[in-house]
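> Please read through the structure below; I'll follow up with questions.
The values are calculated or read from the model by the stated rules, or taken from the named source; none is laboratory data. Quick caveat: nothing in here was measured; it's all calculated off a predicted structure. Don't worry about glycine lacking a Cβ; one is built from the backbone with ideal geometry, like all the others, and counts go over all protein chains shown.
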Amino acid sequence: MWRSTRLAVFLLLAIVAGPRAMSATREQAAALHPNFSRLLSTYVHDNLVDYEAWSANADDEAALARYIADLAALDPADWPRQEALAYWLNLYNAVTVKLILDHYPLDSIKDIGGFMKKSPWKRDLVTVAGKPLTLNNIEHDVIRPTFGDPRIHFALNCASLGCPPLGAAAFDPDQLSAQLDAACRLALNRERWVRVDGDEVSLTKIFDWYGQDFQVDGGTVLTFIRNYRTEPFPDGEPKVRYMSYDWQLNRVPAPDRSAQRAKG
């Protein structure tokens, strides 16, 4: 009798505490994201990253590592969609920046790989809920299949000029949809990602690699682009080709770094 009563009490406490615990972890994550925003606003200028200045600031390098560790200590598995997606997008981008800082100076994220070395996207870089994760795991095993939102391709940043721009603020669950729309508009109206030449359009390789992700509710790559395009874009079915991907590091050029220091 005592055992059954004790078990009933335990189960009741678990039911009551469960949602509170989940809410607490969500609130913890929401409280963490401004830390990442501070770092991004300090070192991201015109969507390029001042890796040199960041790598020279031990406190801010430690702050980035701390942000990642604090996020990794949480488990977003049961969170509402917006909170969970913001978590994974921020984690991916933060881990990517840290990977560059850990190997800086370099000219490309691909320099981290090489002969007999693992690709930067195939290295275990963070552990969430006891599972070691690579950047590929986060993008292809978690974000793409779980959320099915093609806009994520313009929110994830691979530290390269060919990647969609890295914003100067973390993704916020309360503003996430607007932030994703803004990220799409920013990239899809720039020639680096969409170039129009008469009736021919040149598109980022993202649309070639992940074309099926944009076929949502009967849509196509072209309809997706038109939804966010404010610059002129041909009607109908223009001839499409895909641009070479630029793997140069998305760093602030040296003269700009000097200008930023002078302003500071």
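> Hey, GLU139 hits all of (1) in contact with a strand residue (DSSP E or B) (Cβ under 9 Å, 6 or more places away or on another chain); (2) assigned to a helix (DSSP H, G or I); (3) acidic (Asp, Glu) but one; which does it fall short on?
(1)
> Another question about this same structure. Among the numbered conditions (1) on the phi < 0 side of the Ramachandran plot; (2) surrounded by 16 or more Cβ atoms within 10 Å (Cβ to Cβ), tell me where ALA159 comes up short.
(1)
> Right, here's the next one. Could you list all residues from region 235-262 that are modelled with pLDDT of 95 or more and more than 24 Å from the chain's Cα centre (by Cα)?
Result: PRO238, LYS239, VAL240, ARG241.
> Only one residue in LEU106, LEU176, LEU156 is touching a Phe, Trp or Tyr at 6+ places or on another chain (Cβ under 6 Å) and either in a strand (DSSP E or B) or touching a residue at least 40 places away in the same chain (Cβ under 8 Å) (or both), so which one is that?
Being touching a Phe, Trp or Tyr at 6+ places or on another chain (Cβ under 6 Å) and either in a strand (DSSP E or B) or touching a residue at least 40 places away in the same chain (Cβ under 8 Å) (or both) holds for just one of LEU106, LEU176, LEU156, which is LEU156.
> Kindly indicate the residue of region 95-146 that is under 20 Å from TRP247 (Cα atoms) and acidic (Asp, Glu) and also surrounded by the most Cβ atoms within 10 Å (Cβ to Cβ) among those meeting that condition.
GLU139
> Next question. For LEU222, only one of the following conditions fails: (1) surrounded by fewer than 14 Cβ atoms within 10 Å (Cβ to Cβ); (2) of a type outside the set (Lys, Arg); (3) free of Cβ contacts under 8 Å to residues at least 24 places away in the same chain. What is its number?
LEU222 satisfies every listed condition except (1).
> Let me ask another. Considering only region 176-213, how many residues are within 19 Å of PRO165 (Cα to Cα) and surrounded by 14 or more Cβ atoms within 10 Å (Cβ to Cβ)?
Adding up the residues that qualify gives 25.
> Still on this structure: Within region 111-134, does at least one residue satisfy the condition of being in a loop (DSSP other than H, G, I, E, B), of a type in the set (A, V, I, L, M, F, W, C) and in contact (Cβ under 8 Å) with a residue 60 or more places away in the chain?
No, region 111-134 contains no residue that is in a loop (DSSP other than H, G, I, E, B), of a type in the set (A, V, I, L, M, F, W, C) and in contact (Cβ under 8 Å) with a residue 60 or more places away in the chain.
> Here is a further query. Which of the residues spanning region 67-76 are part of a helix (DSSP H, G or I) and either under 18 Å from HIS103 (Cα atoms) or touching a residue at least 24 places away in the same chain (Cβ under 8 Å) (or both)?
If the condition is that a residue be part of a helix (DSSP H, G or I) and either under 18 Å from HIS103 (Cα atoms) or touching a residue at least 24 places away in the same chain (Cβ under 8 Å) (or both), then TYR67, ILE68, ASP70, LEU71, ALA72 are the ones that fit.
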